[in-house]
Amino acid sequence: AQSVSQHNHHVILSEAASLELGCNYSYGGTVNLFWYVQYPGQHLQLLLKYFSGDPLVKGIKGFEAEFIKSKFSFNLRKPSVQWSDTAEYFCAVSGFNQAGTALIFGKGTTLSVSS
Amino acid sequence: SAVISQKPSRDICQRGTSLTIQCQVDSQVTMMFWYRQQPGQSLTLIATANQGSEATYESGFVIDKFPISRPNLTFSTLTVSNMSPEDSSIYLCSVDFLGGELFFGEGSRLTVL
């Protein structure tokens, strides 16, 4: 069965600090990988996704993630966080090319950015 | 992208009652999913709802407790039956609109007293 592990439960940073949130998955096949963000009081939004190709993917708001197949990882990064990045971040995985397959989510990481 | 509307957005219910949550999508989609997000927790898949077939439930979720309807390609309902305080959660409808990427509604926040 697929599973997703997010290493950090709560991360606290100052503005302009760099961010890296860890995500590892467990799945025997090829995967699609996602990072979603949930800002306070808002619904889930897609930050970025990886289906195939370049393992370094860029998303919205300056976020990027790197897929390292050998490590089963898909860590999220941002060089310089802003106060507005305060949110809950979820890593998710689904089976590759299985259209309509539901996503399996990690437990989430709460990011708090102080100004 | 898809616009997904859920009703109600929030409700407070009494123990033992049932509540039906509606999910309306502005485009036809084959796959719809219902998730639960308990306070401070991640999203847990309840079931997959495809039009024209019975919903497929995940381990730990049963049809008697969470009956689902999917009468057409733009609409689905999830009922939370015989509610208890443990059912207090945000219930989310999501759709696979682009072949692998899920879009989410704003959720229905349910509080059971």
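The values are calculated or read from the model by the stated rules, or taken from the named source; none is laboratory data. Predicted model, so just to flag it, every value in this text is computed and none were measured. When we count neighbours, we look across all protein chains shown, and the Cβ atoms used for this are built from the backbone with ideal geometry, even at glycine.
Suppose the filter is free of Cβ contacts under 8 Å to residues at least 60 places away in the same chain, in contact with a Ser or Thr (Cβ under 6 Å, 6 or more places away or on another chain) and either under 24 Å from residue B:3 (Cβ atoms) or within 14 Å of another protein chain (Cβ to nearest Cβ) (or both); does residue B:74 pass it?
So residue B:74 fails the test.
If you check residue B:63 against the conditions, is it of a type in the set (A, V, I, L, M), over 23 Å from residue A:88 (Cβ atoms) and surrounded by fewer than 15 Cβ atoms within 10 Å (Cβ to Cβ)?
yes
Test each condition in (1) within 14 Å of the chain's Cα centre (by Cα); (2) touching a residue at least 12 places away in the same chain (Cβ under 8 Å) for residue A:16 and report the one that comes out false.
Only one criterion in (1) within 14 Å of the chain's Cα centre (by Cα); (2) touching a residue at least 12 places away in the same chain (Cβ under 8 Å) is unmet by residue A:16, namely (1).
Would you pick out the residues in region A:35-55 that are in contact with a Phe, Trp or Tyr (Cβ under 8 Å, 6 or more places away or on another chain) and either β-branched (Val, Ile, Thr) or away from chain B (no Cβ under 14 Å) (or both)?
Those that are in contact with a Phe, Trp or Tyr (Cβ under 8 Å, 6 or more places away or on another chain) and either β-branched (Val, Ile, Thr) or away from chain B (no Cβ under 14 Å) (or both): A:37, A:55.
From the list A:90, A:67, A:74, which one is within 17 Å of residue B:41 (Cβ to Cβ), within 11 Å of the chain's Cα centre (by Cα) and not in a loop (DSSP other than H, G, I, E, B)?
Going through A:90, A:67, A:74 in turn, the sole match is A:90.
In region B:39-67, what residues are closer than 19 Å to residue B:102 by Cα and within 14 Å of the chain's Cα centre (by Cα)?
Hits for region B:39-67 are B:43, B:44, B:45, B:46, B:47, B:48, B:49, B:50, B:55, B:56, B:57, B:58.
Out of all the residues in region B:66-107, which are buried (at least 22 other Cβ atoms within 10 Å of the Cβ) and not in a strand (DSSP E or B)?
Passing the criteria: B:105, B:107.
Based on this model, can you work out whether residue A:101 counts as of a type outside the set (Lys, Arg), assigned to a loop (DSSP other than H, G, I, E, B), within 14 Å of chain B (Cβ to nearest Cβ) and surrounded by 12 or more Cβ atoms within 10 Å (Cβ to Cβ)?
yes
Could you please find all residues in region B:44-100 being aromatic (Phe, Trp, Tyr) and at pLDDT below 90?
Selection gives B:97 alone.
For region A:7-18, does any single residue satisfy the condition of being of a type outside the set (Asp, Glu), assigned to a loop (DSSP other than H, G, I, E, B), modelled with pLDDT under 90 and touching a strand residue (DSSP E or B) at 6+ places or on another chain (Cβ under 6 Å)?
There is at least one residue in region A:7-18 that is of a type outside the set (Asp, Glu), assigned to a loop (DSSP other than H, G, I, E, B), modelled with pLDDT under 90 and touching a strand residue (DSSP E or B) at 6+ places or on another chain (Cβ under 6 Å).
Could you tell me which numbered condition residue A:90 fails, if it satisfies all but one of (1) within 11 Å of chain B (Cβ to nearest Cβ); (2) modelled with pLDDT under 95?
(2)
Quick one: would you say residue B:58 is within 20 Å of residue A:104 (Cα to Cα) and among the charged types (D, E, K, R)?
In short, yes.
From the list A:80, A:112, which one is more than 19 Å from residue B:102 (Cα to Cα), more than 14 Å from chain B (Cβ to nearest Cβ) and not in a strand (DSSP E or B)?
A:80
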